[in-house]
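Report on one structure; see the data block that follows.
Bear in mind that the values in this text are calculations on the coordinates, not laboratory data. None of the values given here were measured: they were computed from a predicted structure. Cβ atoms come from the backbone with ideal geometry, glycine included; neighbour counts cover every protein chain shown.
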Amino acid sequence: MKKILWVGGLIAVLLGSGYVALPFYSIGQLQRAAEMAKSEQPQVRTESIDTLERYVDFPVLRDNLKVRLQQQLRSSLSNTIPQEFDELLSAGANFLMEPLLQQFITPEGIADLLRGGEDLEAFEREIYRQSSGTANRSGSYPSAQEETEATWQRMGWRFTDLNHLSVDYGERGRPELRLLMQRNGLRWQLVDIQLLNETSGEGQGWR
């Protein structure tokens with residue numbers, strides 16, 4: 001009986017260790033791919049893109065960012081647009097956002113973001129400007145080369161439930177960026193990105 005309990009306990013420990021190790025491995029793969037993406041060797045860059053495509057659920061990530069941008073746009077125009085035009089506004093915003101999300105939320109774009117982080121804020125500002133008709137003439141947002149050298153470090157990660165976890169990045173002890181990851185079989189994939197509140201360290205809720 002004791003032997004059965006011992007074996008059962010060992011199996012439980014191994015399963016628990018594996019469950020924790022898998023997301024840790026996925027997070028490491030994302031970071032490694034982001035660094036490899038700036039390599040001068042074409043083969044290394046290709047491998048990094050393949051890795052990012054495995055560990056980022058791009059359709060879900062684009063949908064989550066689109067929802068947040070729609071909320072920002074609707075909130076900023078709530079006092080000027082009659083409620084009966086709300087659906088028309090959403091349709092128009094979707095029409096403009098879809099191609100922009102396809103353009104910016106790519107393996108290369110995610111690699112730039114994970115190396116520096118600040119591009120997400122610039123990206124959201126640019127999508128918002130173009131969706132609301134206030135884009136600048138160039139219609140571009142700062143590239144990774146135009147940003148300062150990345151200094152963000154991974155500050156920690158935690159499970160939010162059995163199938164979701166969050167990973168915080170920042171500098172000088174202050175979390176500024178949060179990656180939200182979701183379990184897909186044995187693989188954990190990036191499904192949302194949030195800029196955190198500077199004072200509370202909290203971003204918008206999980207979707």
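Quick look at the numbers
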| quantity | calculated |
| --- | --- |
| Label-to-label distance, nm, for residues given as Ala21 and Thr106 (7 Å Cα→Cβ offset) | 3.7 |
| Backbone HN-Hα couplings from phi across region 98-108 [Karplus 6.51/-1.76/1.60, Hz, Gly and Pro as x] | 3, x, 5, 5, 4, 6, 9, 8, 10, x, 5 |
| Point-to-point label distance, Arg154-Arg187, nm (Cα→Cβ direction, 7 Å offset) | 1.8 |
